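Visitor: Pasting in a structure now, in structure tokens, and then I'll have a few things to ask.
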Amino acid sequence: MNNKTDENIVWHKQTVEKEDRVRLLSQKPSILWFTGLSASGKSTIANAVEAELFRMQRKTYLLDGDNVRHGLNKDLGFSEMNRVENIRRVGEVSKLFVDAGLIVLTAFISPFKSDRQIASSLVKYDEFIEIFIDTPISICEQRDPKGLYKKAREGGLKNFTGIDSPYEEPENPQIHIRTDKHSIQECVDIIINYLIKFGYIEGNLEYAI
């Protein structure tokens, strides 16, 4: 892949800038990066968090792994190289949402630390919130809503994270969620509390944990 920018391409400065959008929306834009094994609960929790933010009249957008592969990343397979490119594109799109002043939620396995670090580096240090949805693989396999673990165990699905492809756990995530210890609502409360506590949104720390 050629990473060199064409010398004829010049950045076009816009009249309306990020700071203007932030003032208009009255929120601190950020990426809530949900990472974890397949069937860990990433999409379920991210969806519930967005619903709560919407109820609070916050401006958001949710990028889900499967949904993105229906359009933006439909040309990518599941080789290691393609998975790296999948996350690179998601990171770039998320950066645009942050520039628009939104709180963007991303629900992707994103198994490699280096890829998550690259996504983090695209925005300011406090605009990237890594949320580790930590669910034991045994529970993920019990859930297995799409039958992917079963297929992978039988050899019908290659490069499947947790089976024949590694998952590199976050070392210092801003938020660490144990879904085997908390209900969906408790997980939502933990995340909303974090956003309020650190000034991403306004609200009262009244959510039960």
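Values quoted throughout were computed directly from the atomic coordinates according to the rules given, and no laboratory measurement underlies them. This one's a predicted model, so the numbers in the text were calculated from it and none came from an experiment. Ideal geometry is used to build each Cβ from the backbone, glycine not excepted, and the neighbour counts take in all protein chains shown.
Visitor: Which residues among region 54-91 fall inside the zone where the amide N is under 14 Å from a point 7 Å beyond the Cα of GLU202, along Cα→Cβ?
Guide: Within reach of a label on GLU202: 56-59.
Visitor: What ranking do LEU62, LEU24 get, fewest neighbouring Cβ atoms within 10 angstrom at the top?
Guide: Final ranking by Cβ density, sparse to dense: LEU24, LEU62.
Visitor: Determine the distance separating the Cα centre of region 107-173 from the Cα centre of region 83-97; give it in Å without decimals.
Guide: First find each Cα centre; the distance between them is then 15 Å.
Visitor: Per residue of region 64-76, in order, report the coupling 6.51 cos²θ - 1.76 cosθ + 1.60 (Karplus, θ = phi - 60°) as ³J(HN,Hα) in whole Hz, putting x for Gly and Pro.
Guide: 10, x, 5, 4, 5, 6, 7, x, 3, 10, 5, 8, 9
Visitor: What percent does the relative contact order of the chain come to when contacts are Cα pairs within less than 8 Å and at least six residues apart?
Guide: After rounding, I find 29 percent.
Visitor: Please compare each pair in LYS74/LYS151; LYS74/LYS150; LYS124/LYS146; LYS13/LYS74; LYS74/LYS197 to a cut-off of 27 Å on the Cα-Cα distance and tell me which ones are over it.
Guide: Cα-Cα > 27 Å for LYS124/LYS146; LYS13/LYS74; LYS74/LYS197; rest within.
Visitor: Over the Cα atoms of region 8-64, how large are the radius of gyration and the largest Cα-Cα distance (Dmax), in Å?
Guide: Just the Cα atoms of region 8-64 yield Rg and Dmax of 15.7, 45 Å.
Visitor: Just order 119-128, 25-34, 102-111 by mean Cβ neighbour count inside 10 Å, highest at the front, would you?
Guide: 102-111, 25-34, 119-128
Visitor: From the helices alone, meaning DSSP H stretches of at least four residues, give me the mean residue ellipticity at 222 nm for the chain, per-run term -39500 (n - 2.57), in deg cm²/dmol to the nearest 500.
Guide: Computed mean residue ellipticity for the chain: -11500 deg cm²/dmol.
Visitor: Using 0.36 nm per residue of separation minus the Cα-Cα distance, give me the extension gain between LEU76 and ASN47 in nm, one decimal.
Guide: Fully extending the segment from LEU76 to ASN47 adds 8.0 nm.
Visitor: In the Gaussian network model of the chain, springs joining C-alpha atoms below 10 Å, which of ILE139, ILE184, ILE175 carries the largest mean-square fluctuation?
Guide: Checking each option, the largest mean-square fluctuation is seen for ILE139.
Visitor: What percent antiparallel are the DSSP beta bridges of region 30-197, to the nearest 5?
Guide: 0
Visitor: Here is a further query. For semi-axes √(5λ) of the Cα gyration tensor in Å, one of [x] 24, 21, 17; [y] 28, 25, 13; [z] 28, 20, 14 was computed from the structure I shared and the rest are decoys. Which label?
Guide: Read-out from the structure maps to [y].
Visitor: Moving to a separate point now. Compute the length gained on full extension between ARG89 and GLU169: take 0.36 nm times their separation in residues and subtract their Cα-Cα distance, giving the result in nm to one decimal.
Guide: Between ARG89 and GLU169, full extension yields 26.7 nm more.
Visitor: As a footprinting exposure proxy, order THR35, THR15, THR44 by other Cβ within 10 Å, with the fewest listed first.
Guide: Ordered from fewest to most neighbouring Cβ atoms within 10 Å, THR35, THR15, THR44 come out as THR15, THR44, THR35.
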